Structures are given as structure tokens and as C-alpha cells.
1. State whether the stretch 1-55 is rounded, prolate or oblate according to the following rule on the C-alpha gyration tensor (a ≥ b ≥ c being the square roots of its eigenvalues): a/c under 1.5 gives rounded; otherwise a/b larger than b/c gives prolate, and the remaining case gives oblate.
2. Looking only at LYS15, LYS92, LYS80, which one moves most when the chain is put into a Gaussian network model with springs between Cα atoms under 10 Å?
3. Please list log₁₀ I(q)/I(0) at q = 0.13, 0.17, 0.20, 0.21 Å⁻¹ for the stretch 5-103, using the Debye equation with identical point scatterers on the alpha-carbon positions.
4. With +1 on each Lys and Arg Cβ and -1 on each Asp and Glu Cβ, how big is the dipole of the chain about its Cα centre, in debye rounded to the nearest 20?
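Throughout, read-outs are computed from the coordinates displayed, never taken from laboratory work. Everything numeric in this text was worked out from a predicted model, so none of it was measured. For neighbour counting, all protein chains shown are included, and Cβ atoms are generated from backbone atoms with ideal geometry for every residue, glycine included.
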Amino acid sequence: MPVNAIDILLKNKDKNFVQRILNSSIFPVISNEDGSVSTHKMAAEIDENGEWLVFPTIVSLPDGRLLDLKDNRSALDFAKKTGEFINFGNNKDDAIPFAANGYKDWNKKAPLMGRQ
């Protein structure tokens, strides 16, 4: 059964990066090279146990500042240390589109590709 971005986000609303997705207007931003700003960017990677993890590559530091981790490995390591990731299990078909921008459609109730 396809999953909805809002369902995934609400199940993980205790995580800082999810709060930044759901309430981006109250959090700091990072300036991008093209002049735009971001509160979050996401990635999906498979871990050593064969599970797909979705995690932010823009992370919140303890002092509230945001840091753009340019490579996924550093971001994944940070996510594992802080618990700031969503485990999609073996579901690559939902993890990748969710990380690639599916999380931005949280208010549309649109199903992601793949199945849960």
C-alpha cells in the first residue's frame, strides 16, 4: 500500500528535522549559492543492515545553527548519532522519492511511489 508523506512525518514529528519540515517558517535557514534559502535537504542511503534510512543533510547543531553537510556519508553518520533519521526498512521504492522531494508534498496527502 502506498504511503503518504504526511503519515510518515507525523509518525516522526518528535525529530528536529521533521519539525523543520512541518514548521519551516519558525526555523533558521541556510543561504544557497543560487540565492535561494533552505531549512532542509534530504538524502536516502542503505545502511550496513540493508535498511533504507532517510535523513537530513542540513542538520541542526546544539546551538540552533544549521550546518549543510555536503556529503551523504557525513550526514548519515550525524543522523545515526543523533537519531535524526526515518527508517524505511527495505523499502527503497518509498525512501528515495521521499528524500528526493516527496517530503515537500506533506500537505497534499499524495501517496509516494512504491509500497509499504
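1. On the way: a/c = 2.30, a/b = 1.45, b/c = 1.58.
Oblate, since a/c reaches 1.5 and b/c is not below a/b.
2. LYS80
3. Cα-only, vacuum Debye calculation for the stretch 5-103: -0.41, -0.72, -1.00, -1.10.
4. On the way: 15 positive and 16 negative charges, 73 e Å.
Result for the chain is approximately 360 debye, rounded to the nearest 20.
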